[in-house]
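Okay, structure first, notes after.
Taken together, the values in this text are just the output of simple stated rules run on the coordinates, not laboratory data. Just so it is clear, the model here is predicted, and its values are computed rather than measured. Neighbour counts run over all protein chains shown; Cβ positions are idealised from the backbone, glycine included.
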Amino acid sequence: MKSLLCHKTFVSLVLWVGVSLQPAMAQTARTPSPEGATVRISNIEDKATLPATFLVKFEVTGMEVAPAGDKTPNSGHHHLFIDLEALVGIDKPLPATDKIIHFGAGQTEAEITLPPGNHTLQLMFADANHVAFNPIVMSKQIDITVVEKVEEPAKQ
Ligand SMILES: [Cu+2]
């Protein structure tokens, strides 16, 4: 009797694993983004030198800005990556850290303060649940240098 019970348990366990893996794999579908949608930091050039506190302007084309949680099609909110080396778990909601800033109220610009030195900035537009779109809507990463005091251009 005992061995029969064990056998049954084993079979049901195999079935459970087999069934449960399927939906987990299908769940990786991300919200589709429209063809050609782009996002960029519109007011800062790559290799720019900036003061410690500066404004970053976010620009998305082909999609609309909406607060986090708003599931209007083709909408999402901005995320600023500061000194983020690698993005892991692209199919999961972005965490909120000091390197991943969410603008869940639908902001289109932000004032950022960074310590002097070299930094990177990158913008990502993500869906109502903070998950990357498919295809991903992300800017190029730009390099910036933050200085204590920006030299005024010499007067002519
Ligand atoms: Cu978010």
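Karplus-derived 3J(HN,Hα) values for region 69-78, using 6.51 cos²θ - 1.76 cosθ + 1.60 with θ = phi - 60°, are x, 7, 9, 3, x, 6, 10, x, 9, 7 Hz; glycine and proline are entered as x. Close amide H contacts of Gln141 (hydrogens built in the peptide plane, cut-off under 5 Å, sequence separation of 5 or more or a different chain): none are found.
Among Leu80, Leu114, Leu87, a tally of other beta-carbon atoms within 10 Å of each Cβ gives an order, fewest to most, of Leu87, Leu114, Leu80. For Ala29 and Lys57, what does the FRET efficiency come to when R0 = 35 Å and r is the distance between their Cβ atoms, rounded to the nearest 0.05? Here the calculated transfer efficiency is 0.65. For region 39-131, the relative contact order is 39 percent, taking Cα pairs closer than 8 Å that sit 6 or more residues apart in sequence and dividing their mean separation by the residue count. Computed about the Cα centre, the dipole magnitude for region 38-147 is approximately 80 debye when only Lys and Arg (+1) and Asp and Glu (-1) carry charge, each at its Cβ. For the pair Asp143 and Thr113, the difference between a 0.36 nm per residue extended length and the Cα-Cα distance amounts to 9.3 nm. Computed over region 38-147, the Cα gyration tensor eigenvalues convert (square root of 5λ each) into semi-axes of 23, 14, 12 Å, ordered from largest to smallest.
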